Structure formats: C-alpha cells, structure tokens
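Trainee: Sharing a structure with you now.
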Amino acid sequence: MIETKEKVPPPSDRDPAMWFSPMEAQTAPSPGRASPLMVPIRSLGANHRARIARHLLALEPHDRYLRFGFAANDAQTQRYTDSLDFERDEIFGIYNRRLDLIAMAHLAFDADSKRRDCAEFGVSVSKTARGRGYGARLFDRAAMHARNAGVGRMFIHALSENTTMLKIARKAGATVERDGSESDAHLLLLPATLDSRLTELVEEQLAQTDYRIKVHVKQFRDALGGVMARRPDARNDQRDSPK
C-alpha cells in the first residue's frame, strides 16, 4: 500500500496576513469572548534540569510516546534531559504554586549557525494540568521568541495521532502535511518588531517575578509547617516535665 501525503492548510476563517504572526492573532480576543488571563511562562536554565527530568519522567507511557514519537523509557527520557543545550536552544516552563513544573516546551535550533532560520518545537503538559490551554500558550511564547531571534520558520514533527499538538499548530496558522503515521507542521514568522521584542521582555520579567513570589511563598509555608509540626512536641514536653 502506497501512503500519500495529505496537506492541510490553515483555517479558512483566519486572515492570511495573520498566518505569519501568531502572536498578534492569538492575543486578539474573539468577538463575544473575554480576553484570556496571562499565564506566567518563564525561560528555563540549566539549574532547572532536575525539575525538567521529574516532569518528563512523571508522564504516562502513552504521553511520552506522543511527546518523543516513540515509547521512551526512563533511561532514554533522562538522556534527553541530560542532553538539553540551554546555550543553543530555548526551554520554557510553567510552574504551579508548589513549584512543580507542569508544562514545558523545547524550541530547538540547528547546531549549524548557518541554518538557524528554522526552529523545531516540542511540548509536554502534565496530566493534571491539561485542558487549560497551556500547550497553545507555550507555542505562542516559543513563536514569539523564535521571531525575535530572527527565525523565519517554526516547525513541528509529530505523530499523526497527536491531534492535540497538530490542532494547536493549525490554529496558530501552520500548514500541516500528513505522511501516514507522521505529520509535519510549518509556520512562517514575520520579522521581529519593537512591539514583539518589548512584549517578550515584559512577559519574561513578569514570569520571573511570579516565580520568585512562588519561591518565597513556598519557603514561608515550609517554615510555617515546620513550626506547626514542632508545637505538639513542645506541648508534650511541657506536660511531661516535672512541676
């Protein structure tokens, strides 16, 4: 049986001028729909590698299969995490109040500096955090960074059964080409503007501030929990002490 490629264009209701600028298209609220709240998405450095590993290792087998395109075991998942190049690529993450990494995206650039006009996108979201649009938000964040970095095209290579990922790409304006069990999505990006650069700068600063606040709150809660845990022991010591 000969497999044929199926090309799926962007949605027909999208203005073609917006296909190349997903940031503006996504931030404009639809008629009758409230503008979505901001999701703090921060850039991750090498000091977050352990948390990235915990996030990926916590994914269920089928979720890892969709993320990597094969049934990655723990050792393969750990090797992927260890191989992340934080100097060349860009990693984005969303943390919850407990400082658990609940969603992350990997924007990978070619090692050849002459071919940095293209970047590949991959994303994973924890099971408990799905249905909140985090995958789409990470896609928009990565597209904005790629655009500001001078990238002209962003692409996704995914299994055809990964309909969630392909839907995110298609909704952003990407053209999806299906080749049997695998699919490729391509999104052309407009050149960076002053507005796109300032937007990324502001969003990163807000996300960093949000993260620092979560760190301080967690430290306070941990300290308070330690004090509360010691109080029963102190009461018992008082009751047992001779009068």
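Computed from the coordinates by the stated procedures, all read-outs in this text should not be read as laboratory data. Owing to the predicted nature of the structure, the values given are computational and were not obtained by experimental measurement. Cβ atoms come from the backbone with ideal geometry, glycine included; neighbour counts cover every protein chain shown.
Trainee: Please work out how much length the chain gains when fully extended from LEU224 to ARG49, using 0.36 nm per residue of separation minus the C-alpha to C-alpha distance, in nm with one decimal.
Mentor: Full extension of this stretch gives 60.2 nm more.
Trainee: Next question. For a quick check: sort SER126, SER83, SER43, SER183 by the number of other beta carbons within 10 angstrom, fewest at the front.
Mentor: SER83, SER43, SER126, SER183
Trainee: Continuing with this model, one more query. When the chain is fully extended, how far beyond the present Cα-Cα distance does THR199 get from ASP63, taking 0.36 nm per residue of separation?
Mentor: 45.8 nm
Trainee: With +1 assigned to the C-beta of every Lys and Arg and -1 to the C-beta of every Asp and Glu, and no other charges, what is the dipole magnitude of the stretch 69-117 about the Cα centre in debye, to the nearest 20?
Mentor: Here the stretch 69-117 has a charge dipole of around 140 debye.
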